[in-house]
Amino acid sequence: MLLLMKNTSDEVALSEVVGFVLLLGLIVATLSLYMVYVVPVSGREAEISQMDRINEQFTDYKFTLDNIRTSVQVNNLSPVMTSTSFNLGTGGGNTLASGLFLYMLQPASSTATLAINTTGDTFDIDSSSYHSIHDSNGEFPISITSLEYRSNNNYGIQQRYSYQLGGVFLSQDDGVTNRISPLISFSRSANDSVVVHIVPVQLVGGGSLSGNGPAQVNTRQRVLPKYNISTDPYLANTWVNLSFTSADNQTAAMWLNIFKDTAIREQLSASAYTTGSVWNPVSKRTTVFIYISGTNPDPNWKDVSLYVKRADFYVALNSIAPELVIPPTPTPSTTITVTPTATTTTTVTTTTTPVLPLPVIANFNGTPRSGFAPLSVQFTDASTGPVTGWLWSFGDGNSSSLQNPQYTYPGTGDWPVSLTVTNGSGSNTLTRTQYITVNTPASGNIILNAGKDAYLESGGEMQFRVTGGSSFIQINGVTYTLNPSDTVRLVVENNEYGSIYSTSAYISEFSFNDVSFYQNGAYVNRGAVGSINVNGFDQYQSTLNLFMPSASVWTSFSVDGISLINGVSSAAIRITGLSSPMNLGPASPSNVYYSGSAAGYQILGPQVTGITPGSGVAGTTVSITDLSGMYFEMGSTPTVKLQNGASTITATSVSVVSPVRIQCTFSLAGAATGLWDVVVVNPDGQSGTGTGLFTVTPGPLTASFTYTLPSSTVVHLTDTSTGGATTWDWDFGDGTPHSMVQNPPDHTYTSGGTYTVKLTVTDGGVRSSSTQQAIPIFIPATHTTTLSASKGAYIESGGVMQFHVTGASSSIQINGVTYTLNSGDTIRFVMENNEYGSIYSTSSAITTFSFGDVSFYQNNVYINRGSVASLYVSGYDQYQSTLNLYMPSASAQTYFVFDGTTLINYEVSSAAIRITGLSNPMNLGPASPSSVYYVGSAAGYQM
């Protein structure tokens, strides 16, 4: 008995231990699941909330500085100090857990870095009035410094907020966006001139704080000296260029979008500005720019006004607190301390509560959304936020800046509508495609007969009340009785081919594969309609639309007895509101026949809504991968064009991929920069236009020029630069003043020699290019000379002989190749080495020029180099020469006469002699290592 009791006690104890272990395991498993799934989600939510607070704090900071800047500029106050708090990191969760292990149930706290950083990016402002002093006064470009908050966490919320140049920006994995745009605006004024307003805000300071807890940013406005461009607007500008340079391509792309969006939002004329980007392979930085030149064709007309109000702020960071306390989101408030000038001892403290602009979100309504042409639609703005500007696009090329415009559509079509709303903090756009449908009314009978695709559009309905007995419908294999007084509704659920037959008294056919059947308002069934018989009906209503897509086949279409199409046509046709009596039989992929009543119709040509890519560089070829729109004709080759005023570029390799997509290629050789319309014309002449959808940007800026020599000392220069040069700087290489016009007047040199002419061009902005050419200038020889000696003499390396051919049948053989020298050609020979050889010429012909290494140029173009075997020039003029004959020192018999004066008379002489500028007529024959004989003209000599 005692043994039995002992065993029972042990079993109970063992059971209790096992139960405790199981319970402990369950608790551990539950806590593990909580830590794996609940804690990270809680931490992520905490970090998202933290970044939302940072967004609000940066927004507060931006508008606080704006208020200070405005107050100082208006009231001439200085200095002004403000303190702003930023919360670094989340500081963990709020589970209220306690105990040794339960702290693990809190999400890990995140940390952050708050820093004043010099990014290496620059912002530049340049203008025609400011250009000459732009680089000398040191005011621009601005080296950008930013206040940055960078989160450090384990929850995948890797974001960086920054304030720079008066704007707030957000950087994350998918790029850089501007949350609040910098203070840059463009506006149109009288005569399409442009006013540019810029407020560049620069931060001065440095340092960083890292960790977890609250930090304080103290900011005081810096008193600026009087800047040449900042205190007064420059009204006399022919151009203004804004540019941003960064090593980060995403940041550069964002700034390019800021420039473009600002110009589009302010509705600048496309011809008034140009945007673009330039990659510098040396610095590995991208510069984006907007070049604003106005629209007046007179290059001297100054129609761009520039207003710049620069502001600088000193920024200092206070030490981070040891622990984080996350306060509730405060009402935005700022304390500004104003210290007047030294002559006053009063300190005034003012507390302000700035009203921060909320984001704007576009929204709108239009009434009615469908009807017959001309259709008047009242559009109503339903946007949220403090909207200050509206821009409506009605889809047919027309627009309005009214808040609630009324617009009348004159023609049929399905029209997209977009609304862009703006305020001082940014903009937002809402686009609704096929928002307005405009039909042409039909009062009687419509007949359509064509050998192509047609179908009932999805969503169309037919409804009627049954008035006759023995009526029924079979749908999805089930037959339903239709009783008198029943209301029947049939909804076409997909684009459907099929047949309808009805008279004013009965309906005997409605054959479609996917139809929803409603009886007395209740859904009954859905599927293929096998048969229908309605022996009487009234209260007929219909939104059935028959659509025939674009395809070039024979088509007959008449309305109320008037023939609208009778022949091959690619027009798309929509017949709306099909009504009894009607005969649709059948609408199929290969043919359609319809005769009956309808509410209206549309004859639809192609519509163009977009193009990808949306831009191309002038002078290049661009392949269009997606010209999007509607009603493009499959199986045809439409004409696709770019149009800019009277200029047209026709696409090649046109392919209609689908009714909503075309691919093609454009050659932009010679294309003007700016916005171009995209036009699609079907073979039957139906056309559609997308206004200003494609942008031609400037090609690479490349300096080049050509020259001619009207006389031996005069050069005529012609600019042939490409890429949109707007400024020119000619350096003639002789120390005379530069010329700053595109094609300078003919330039006269006062002495002979080879001059390096350099041309530097710019586009008025960040791009420039230079090129140079060596131009030989010859002073005509006026002296006669004779040299005969029993010792060596040669023509010196680098000597040039140039002339203009006037006679026929002239030729040269050089390096084994014979070339024809045509009348009017300019010929140049260059001695590439010290050369022995022969020359023979008269005042009218040149018959010998025998040397071993000569470069041959024809009309300033290099042709060949080598030994000249023969030369015959039957007539020439404009002769020029820098040929020098040199006889080194050697003791031999010499005879030398210059201008009739005998200088050495058949005497043994060791004199070295150089005869310069050999000129026609002359006989050098030959100059060799052992003898020389020369009779002819020369520019001078040395002995």
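Thr431: more than 30 Å from Pro589 (Cα to Cα), assigned by the TED database to the domain that holds Ser556, among the β-branched types (Val, Ile, Thr) and without any contact (Cβ under 8 Å) to a residue 60 or more places away in the chain, yes or no? No; evaluated as a whole, the condition is false for this residue. Residues in the range 914-943 that are outside any strand (DSSP E or B) and crowded, with 18+ Cβ neighbours inside 10 Å: Gly917, Leu918, Ala939. Residue pairs whose Cβ atoms lie under 8 Å apart, sitting 6 or more positions apart in sequence or on different chains, and linking a residue in the range 716-728 that is assigned to a loop (DSSP other than H, G, I, E, B) to a partner that is open to solvent by 50 Å² or more (accessible area, probe 1.4 Å), are Thr720/Thr706; Ser721/Thr702; Gly723/Gly619; Gly723/Pro700; Gly723/Thr702; Gly724/Thr673; Ala725/Gln742. Does the range 360-385 hold any residues that are open to solvent by 40 Å² or more (accessible area, probe 1.4 Å) and of a type in the set (A, V, I, L, M, F, W, C), and which are they? Answer for the range 360-385, where residues must be open to solvent by 40 Å² or more (accessible area, probe 1.4 Å) and of a type in the set (A, V, I, L, M, F, W, C): Ile361, Phe372. Considering only residues in the range 868-883 that are in a loop (DSSP other than H, G, I, E, B) and farther than 29 Å from Gln942 by Cβ, the one that is most open to solvent (accessible area, probe 1.4 Å) turns out to be Ser874.
Please verify whether the range 405-420 includes one or more residues that are assigned to a loop (DSSP other than H, G, I, E, B), out of contact with any Phe, Trp or Tyr (no Cβ under 7 Å at 6 or more places or on another chain) and modelled with pLDDT under 80. Yes, some residue in the range 405-420 is assigned to a loop (DSSP other than H, G, I, E, B), out of contact with any Phe, Trp or Tyr (no Cβ under 7 Å at 6 or more places or on another chain) and modelled with pLDDT under 80. Taken as a whole, the condition of being modelled with pLDDT of 90 or more, of a type in the set (Ser, Thr, Tyr) and either surrounded by 20 or more Cβ atoms within 10 Å (Cβ to Cβ) or touching a Lys or Arg at 6+ places or on another chain (Cβ under 6 Å) (or both) applies to Thr487. How do the pairs read when you match residues in the range 646-662 that are touching a residue at least 12 places away in the same chain (Cβ under 8 Å) and under 15 Å from Gly616 (Cα atoms) with residues anywhere that are among the hydroxyl-bearing types (Ser, Thr, Tyr) and exposed (fewer than 15 other Cβ atoms within 10 Å of the Cβ), using Cβ under 7 Å and keeping only pairs 6 or more apart or on different chains? If the second residue must be among the hydroxyl-bearing types (Ser, Thr, Tyr) and exposed (fewer than 15 other Cβ atoms within 10 Å of the Cβ), the pairs left are Ala651/Thr665. Reported count of residues in the range 831-843, each being modelled with pLDDT of 90 or more, assigned to a loop (DSSP other than H, G, I, E, B) and either farther than 16 Å from Arg865 by Cα or touching a Gly at 6+ places or on another chain (Cβ under 7 Å) (or both), is 2. Of the numbered criteria (1) open to solvent by 70 Å² or more (accessible area, probe 1.4 Å); (2) outside any loop (DSSP other than H, G, I, E, B), the one Thr750 fails is (2). Give me the pairs: first residue in the range 409-425 and open to solvent by 30 Å² or more (accessible area, probe 1.4 Å), second residue among the aromatic types (Phe, Trp, Tyr) and part of a loop (DSSP other than H, G, I, E, B), beta-carbon distance under 8 Å, and six or more apart or on different chains, which are they? What qualifies is Trp415/Phe394. Do we find a residue being surrounded by fewer than 16 Cβ atoms within 10 Å (Cβ to Cβ), more than 16 Å from Pro926 (Cβ to Cβ) and hydroxyl-bearing (Ser, Thr, Tyr) anywhere in the range 847-858? Within the range 847-858, not a single residue is surrounded by fewer than 16 Cβ atoms within 10 Å (Cβ to Cβ), more than 16 Å from Pro926 (Cβ to Cβ) and hydroxyl-bearing (Ser, Thr, Tyr). Out of Ala869, Ala939, Ala892, one residue alone is of a type in the set (A, V, I, L, M, F, W, C) and closer than 24 Å to Val715 by Cα. It is Ala939. Say whether the condition of being open to solvent by 50 Å² or more (accessible area, probe 1.4 Å), touching a residue at least 24 places away in the same chain (Cβ under 8 Å) and under 29 Å from the mean Cα position of the chain (by Cα) is met by at least one residue in the range 443-458. Within the range 443-458, none of the residues are open to solvent by 50 Å² or more (accessible area, probe 1.4 Å), touching a residue at least 24 places away in the same chain (Cβ under 8 Å) and under 29 Å from the mean Cα position of the chain (by Cα). Residues in the range 504-542 that are part of a loop (DSSP other than H, G, I, E, B) and either touching a residue at least 24 places away in the same chain (Cβ under 8 Å) or touching a His at 6+ places or on another chain (Cβ under 9 Å) (or both): Ser504, Ala505, Tyr506, Phe512, Asn520, Gly521, Ala528, Asn535, Gly536. Out of all the residues in the range 884-913, which are of a type outside the set (S, T, N, Q), part of a strand (DSSP E or B), under 15 Å from Thr786 (Cβ atoms) and open to solvent by 40 Å² or more (accessible area, probe 1.4 Å)? Those that are of a type outside the set (S, T, N, Q), part of a strand (DSSP E or B), under 15 Å from Thr786 (Cβ atoms) and open to solvent by 40 Å² or more (accessible area, probe 1.4 Å): Tyr895, Leu903, Tyr906, Glu907.
Residue by residue, here is whether (1) open to solvent by less than 50 Å² (accessible area, probe 1.4 Å); (2) among the basic types (Lys, Arg); (3) over 23 Å from Ser768 (Cβ atoms); (4) in a strand (DSSP E or B) holds:
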site	(1), (2), (3), (4)
Cys664	yes, no, yes, yes
Ala671	yes, no, no, no
Asp677	yes, no, yes, yes
Val680	yes, no, yes, yes
Asp684	no, no, yes, no
Gly688	yes, no, yes, yes
Thr691	no, no, yes, yes
Phe694	yes, no, yes, yes
Pro700	no, no, no, no
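Of all residues in the range 617-627, those satisfying the criterion of being open to solvent by less than 30 Å² (accessible area, probe 1.4 Å) and modelled with pLDDT of 90 or more are Val622, Ile624, Leu627. Restricting attention to the range 84-112 and to residues that are open to solvent by 40 Å² or more (accessible area, probe 1.4 Å) and under 29 Å from Thr251 (Cα atoms), the residue that is modelled with the lowest pLDDT turns out to be Ser85. Please state which one of Asp734, Asp729, Asp763 is of a type in the set (D, E, K, R) and at pLDDT below 90. Result of the check over Asp734, Asp729, Asp763: Asp763.
The values are calculated or read from the model by the stated rules, or taken from the named source; none is laboratory data. Note that this is a predicted model, so its numbers are computed, not measured. Quick reminder, even Gly has a Cβ in these numbers, built from the backbone with ideal geometry, and neighbours come from all protein chains shown. Side chains included, ligands, DNA and RNA excluded: accessible areas come from the protein's heavy atoms. Shrake-Rupley method; radii C 1.70, N 1.55, O 1.52, S 1.80 Å.
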